[in-house]
Amino acid sequence: MSDSVKLGHVCRWLALCGVVAVLSGCAATPRPAPVRDSTPPPPAAESAATASASKAEAPSHTVRPGDTLLGIARQYGVTTKDLVTWNGLTDPNQIHVGQTLRVGPGSTPAATNGTVVQPIATTQPVDIQPVKPSGDAATAGGLKQEPRGGKQPYSDEAWALLSPRGATAPGSAAAVPAPATAPEPDKAPGNTAWLWPASGQVIGTFDEGTNKGVDIAGKLGDPVIASAGGKVVYSGSGLRGYGKLVIIKHDANYLTAYAHNQQLLVKEGDSVSKGQKIAELGSTDADRPKVHFEIRKQGRPVDPLKYLPAR
């Protein structure tokens, strides 16, 4: 073999060895793997977010039939003024069945009728009075009706709220007996005799703890008359256990009440005369037709049999 041929073989051999060395070096160089952080977020952060969301949501109550603002406040151990403020209520008597009320403090007041209202800036005493009707109810003679959330259960405070200027709760400053200017117990205002409100038989007598007046039997539709002249301060059915009720204020000391009527013939603000027919005897919120009659002196119930003439 010639020298030129041998030299050509050597050159090719050296070139081949160089390519193998390069490839081996590339294969030996380590290549870093891609990095991905799959660690879940710390549970503490999630718990803090959940706690923050829970803290922002105050407890709520959905109004059911028969609920009142006072009853809801007692159920949750808060005051009616708190409920008014937390829910931005402009009229506490306007709660309605199905409405959601906030019963605890929160960052914003509860929504009312689909809108968010601002809380009342001042805290005034809540006067839970039956509201005057509107719409169809107004055509029925304009008589006062019960609050939309339901009737108020009887209490001295609930009674006083029916006519706050005419019936004060026992124990209040206005209930302190007046000096000798008050009428004699056996006389009606104007120094005249009281009249029996109905002509039936007495079937229930006075007991300050269980029966705050007398019950007089009768037939449905019998006339119920005013025991003395005065001004109607309440006509409606907002007090549980009294049915359709009329309250007449006679003077600064005396009120009379006529309950369980079938139909009311007078409305709030009417002036009535002694012996005037004010209602028809009925059995609303009662087990039989009767009129429940009360005389209240400076807000306190007294025994009507000590005032009415003997039969």
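For the stretch 245-311, the square roots a ≥ b ≥ c of the C-alpha gyration tensor eigenvalues yield an a/c of 1.5 or more together with a/b not exceeding b/c, which makes the shape oblate.
Distances between placed amide hydrogens fall under 5 Å for Gln99 paired with Val63, all partners being 5 or more residues away or on another chain.
In order along the stretch 78-92, the Karplus-derived 3J(HN,Hα) couplings, from 6.51 cos²θ - 1.76 cosθ + 1.60 at θ = phi - 60°, round to 10, 9, 5, 5, 4, 4, 4, 5, 5, 10, x, 6, 8, 9, x Hz, and Gly and Pro are given as x. Once the C-beta distance of Asp251 and Gln276 is scaled by a Förster radius of 25 Å, the resulting FRET efficiency is 0.90 to the nearest 0.05. Take each peptide in 282-294, 200-212, count the other Cβ atoms within 10 Å of every residue, and average; sorted highest first, the result is 282-294, 200-212.
Amide hydrogen proximity for Ser60: with H placed 1.01 Å from N in the peptide plane, the residues at 5 or more positions away or on another chain lying under 5 Å are Val103.
We did not get these values from a lab; they are worked out from the coordinates using the rules stated. Here the structure is a predicted model, which means the values were calculated and not measured. Heads up, the Cβs are rebuilt from the backbone with ideal geometry, glycines too, and the neighbour counts pull from every protein chain shown.
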